[in-house]
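Trainee: If you scroll down you'll find the structure; I have some questions about it.
Read the figures in this text as sums done on the coordinates, not as results from a lab. This is a predicted model, so every value here is computed, not measured. Every residue, glycine among them, receives a Cβ derived from its backbone with ideal geometry; neighbour counts consider all protein chains shown.
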Amino acid sequence: MDYFALFGLVPHFVLDRVALDAAFRAMQAEVHPDKFASADAAVQRQAMERATLVNAAYQTLKSPVARGRYLLQQQGIEAFDPANTQMSSAFLMQQIAWREQLETAQERADAAALDHLEAEIAVAAQQHEARLAALLDERHDHLHATETLRELRFIEKLAEEIHAAFDTLDG
Amino acid sequence: MALLQLSEPGMSTAPHQHRLAVGIDLGTTNSLVATVRNGLSVVLNDVHGHALLPSVVRYLDAEGRSEVGYSALDKASVDPHNTLISAKRFMGRGLKDLPDLAMLPYHFVDAPGMVQVRTVAGAKSPVEISAEILKVLRARAEASLGGELVGAVITVPAYFDDAQRQATKDAARLAGLTVLRLLNEPTAAAIAYGLDNASEGVFAVYDLGGGTFDISILRLSRGVFEVLATNGDSALGGDDFDRRIYCWMLEQAAISVLSDHDKQLLLARAREAKEALTDHPSAHLSAMLSSGQFVDLTLTEAVFTPLIESLVGKTLAPTKKALRDAGLKAADIQGVVMVGGSTRMPRIQAAVGEFFGQTPLTNLDPDKVVALGAAIQANLLAGNRAEADMLLLDVVPLSLGLETMGGLAEKIVPRNTTIPCAQAQEFTTYKDGQTAMNLHVVQGERERVADCRSLAQFVLRGIPPMVAGAARIRVTFQVDADGLLAVTARETRTGVEAHIEVKPSYGLHDAEIARMLKESNANALADVAARQLSELKVDAERLRDASVIAVHADGALLSAAEQTTILALAEALAVALQGDDAALIKRANEALNRGTAEFAALRMDASVRRALTGHRLEDL
């Protein structure tokens, strides 16, 4: 089942989030196990499987990294194939700089520095998403889209680490 | 029945019959039962007019007779070893998980999976103790509603892990209740609050109960309650505030050794003082200890506030985490709903108000709001026509994962994933010729397995010998709408499979539940059979009616032959229903069930298509 088709959307990286959210809720309202609470076990199981699928599709389309990966998979490309880790040297340098900033902020328990880094990363993520939109939706340049997506995934992981660092600060 | 529920509005199915269903808030300190009556959610009182049932069970004798509630609470200091208070804190917990053991007057027995307490009635597990409370609430509801319940929604703290949820479900089954759903307490509160106020937007529910703390961030939009993030501490609540006062009393009165009787007495005085401080600047504490020492103290707000400040802080840390997980700031929150008796403390209200920059909402009784919301959900799940079309989308509170090399936990289902959900991950063998793989399922956020909760261990056997790294073992985690986990492991080249409902290692085995049920029902076996027959008949009639109506409504989805088959099966069931042969009815019912399973799926798909094409997206 194609996730975009499931929600009645065109398979694009640029996505109408309001339409996605509305379609997701409309569909869960039909298939959610709560609607079949007094049904027999077989029907309950079907409802659980369908609701699970709808949730998985929504999670995939909602996240830019997962959505980009899914679009490339539909083209037969596994963006996160461990055999392919190519990234530009400029981005690698940037990675190292960000990592150092994160480590320093963690060592000093410096919430302001974490805030600053988080904001910087958010800008980088936006830029990458804009580039991905152009590469996937307009130029159909899968090779460069794959590389940009890997960078975006790195950014997302770093954002998660910043998130975890904040959690640690909060105790 | 699925077929029944899929009928379109306006196309009435069977003659409308109100099915009795309740919402139960099984609290650490107090429990309540509520139901929807004439379209309104109401708490059911006992014969004395009490809404709250103190969650206290006192075992009276070796036969296992017990008293529950206020009468038991009154005996807590007289009979401390047999009077169990706050048993919810022990649900799904082993002895090593329990802090503050020294402060508790119970004789704990370390049993596999879950701790037990030795009483005059023998060793009792927290599941059995909780079942006593649920039985009283069930009886109250049945007396008040004048009939048998079709089921109940039982609430659990959002931050309860799988073991604690499973233990709660077991307790309900032991009390003879059909569990329609386990519902997270803050979500239940949001339902009651949201429907009452027709709210839209993002809300925070701050739920500080007797023994647990939850914070949930929800988006409310046109009847959809979507939990964005949840966090908490399943071992933090009003009890901890009492203990701070208790310790302060020991220190002030220079008491070192206490009998169990005195412990309970002072804890009760501590709680009274805490409650008095809600409306007064100071509280008086006095108690005569068994040693003859007279304790006489005054606790002022100025002393109390610093005493509890670190506990207040312990609720704000999870609050910050939940907000961050939801990708929001405190200023994005439209309203903060206060739930749980402990939120009556002025210091809590001030701290929460300061954190969110707004006065928290306290217009619904914080003791009742969870049960009221659970009743609304129960009414809906029981299939009664509800006044509001409502949908709950809840999440997994704590990440679920597997142990990998080096004692590390690999997360499979991250926290705050919307349920129901399934995630799969591939693993491989690390030795040549390895034919079995041990899988250790854990829950928690920490990296090391030792710091997470161990939920289950099982072995996938029969992997054909291959070189290391050649086998492809796909492990699937499925979390259902109750938030309960099932794990399946499969070697994908050969199809060798192993499956586990995570339950048996921490909860009770089915056989154990059956034994307990039998013990408590020993003299009511005939009643049970009669009741089962009547339940079976009601269900079968519903299925028969629904099937016939569905064929008439959506026959277009079927071939003529398929229609005839279903109608013939429905007729066979109708014939069986004229007699009292339970086995025959069951067989005919199952045959019709099987015969309509595919039709039900077709109707579900058709209704999904209608949902998408019937409306334009902007109308949704």
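Trainee: May I ask for the equivalent-ellipsoid semi-axes of chain A, computed as the square root of five times each C-alpha gyration tensor eigenvalue and listed largest first in whole Å?
Mentor: Each semi-axis is the square root of five times an eigenvalue, giving 34, 23, 14 Å.
Trainee: Report the Stokes-Einstein translational diffusion coefficient (µm² s⁻¹, integer) for the range B:400-507, Rh taken as the Kirkwood radius over Cα pairs, at 20 °C with viscosity 1.002 mPa s.
Mentor: 151
Trainee: Determine the relative contact order of chain B: mean sequence separation of Cα pairs under 8 Å and six or more apart, normalised by residue count, in whole percent.
Mentor: 14
Trainee: How big is the range A:74-171 by the Kirkwood estimate over distinct Cα pairs, in Å?
Mentor: Answer for the range A:74-171: a Kirkwood hydrodynamic radius of 14.6 Å.
Trainee: State, to one decimal in nm, how far the label point of A:ILE77 lies from the label point of B:ARG461, with both points 7 Å from Cα in the Cβ direction.
Mentor: 4.7
Trainee: Sticking with this structure for a sec: Starting with the highest mean, order B:325-334, B:583-592 by the number of other Cβ atoms within 10 Å, averaged over the residues of each peptide.
Mentor: By packing density, highest mean first, the sequence is B:583-592, B:325-334.
Trainee: Shifting gears a bit: Considering only B:GLN478, B:ALA436, B:GLY401, whose Cα is most displaced toward the positive end of the charge dipole of the range B:400-507, charges sitting on Cβ of Lys, Arg (+1) and Asp, Glu (-1)?
Mentor: After comparing all options, I get B:ALA436.
Trainee: Can I ask one more? For chain B, find the longest principal axis of its Cα atoms and tell me its angle to the long axis of helix B:260-279, 0 to 90°, nearest 10.
Mentor: Roughly 90 degrees between the two axes.
Trainee: State to the nearest 20 debye the size of the charge dipole of the protein assembly as shown about its Cα centre, where the only charges are +1 on K and R beta carbons and -1 on D and E beta carbons.
Mentor: 1000
Trainee: Can I ask one more? Extent of the protein assembly as shown along each principal axis, from alpha carbon coordinates, in Å, largest to smallest?
Mentor: Here the Cα extents, ordered largest to smallest, are 87, 78, 59 Å.
Trainee: So how compact is the range A:3-62: Cα radius of gyration and Dmax in angstrom?
Mentor: Calculated on Cα positions, Rg and Dmax stand at 12.6, 41 Å.
Trainee: Relative contact order of the range B:400-507: what whole-number percent is it, with Cα pairs under 8 angstrom and at least 6 residues apart?
Mentor: Across the range B:400-507, relative contact order equals 27 percent.
Trainee: Give me Rg/Rg_expected for the range B:17-75, where Rg uses Cα atoms only and Rg_expected = 2.2 N^0.38 Å with N residues.
Mentor: The value comes to 1.36.
Trainee: At 7 Å along Cα-to-Cβ for each site, give me the label-to-label distance between B:LYS431 and A:GLU49 in nm.
Mentor: 3.7
Trainee: Let me ask another. Round to the nearest 10 and give me the degree value, 0 to 90, for the angle of helix B:238-252's Cα axis relative to the longest principal axis of chain B.
Mentor: That works out to roughly 20 degrees.
Trainee: Which value in deg cm²/dmol, rounded to the nearest 500, describes the helix-derived mean residue ellipticity at 222 nm for chain A, given -39,500 (n - 2.57) per DSSP H run of n ≥ 4 and division by the residue count?
Mentor: -24500 deg cm²/dmol
Trainee: Taking the Kirkwood radius as the inverse of the mean 1/r across Cα pairs, report the Rg/Rh of the range B:238-307.
Mentor: Ratio value, two decimals: 0.94.
Trainee: A further question follows. Taking only Cα atoms, what is the 0 to 90° angle, nearest 10, from helix B:162-174's long axis to the longest principal axis of chain B?
Mentor: The angle comes out at about 80 degrees.
Trainee: For the range B:411-453 and the range B:266-321, compute the distance between their C-alpha centroids and round to whole Å.
Mentor: 43
Trainee: Could I ask something else about it? Per the helix-only calculation at 222 nm, which mean residue ellipticity applies to chain B, given -39500 (n - 2.57) for every DSSP H run of n ≥ 4 and division by its residues, nearest 500 deg cm²/dmol?
Mentor: -12500 deg cm²/dmol
Trainee: When only alpha-carbon atoms are used, what values of Rg and Dmax, in angstrom, describe chain B?
Mentor: Expressed in Å, the Cα Rg and Dmax of chain B come to 26.2, 88.
Trainee: Once Lys and Arg get +1 and Asp and Glu get -1 on their Cβ, which of A:ALA97, B:PRO105, B:VAL179 lies farthest toward the positive end of the dipole of the protein assembly as shown?
Mentor: Comparing the listed Cα positions along the dipole, B:VAL179 ranks first.
Trainee: Between B:LEU98 and B:ALA123, how high is the FRET efficiency from 1/(1 + (r/R0)^6) when r is the Cβ-Cβ distance and R₀ = 22 Å? Nearest 0.05.
Mentor: For B:LEU98 and B:ALA123, the calculated efficiency is 0.90.
Trainee: Explain nothing, just the number: relative contact order of the range A:89-170, from Cα pairs under 8 Å at least 6 residues apart, as a whole percent.
Mentor: Once normalised by length, the contact order is 33 percent.
Trainee: Could you give the size of the charge dipole of chain B about its Cα centre, using +1 on the Cβ of each K and R and -1 on the Cβ of each D and E, expressed in debye and rounded to the nearest 20?
Mentor: 800
Trainee: Now for a different question. Find how many whole Å separate the alpha carbon centroid of the range A:1-42 from the alpha carbon centroid of the range B:53-71.
Mentor: 48
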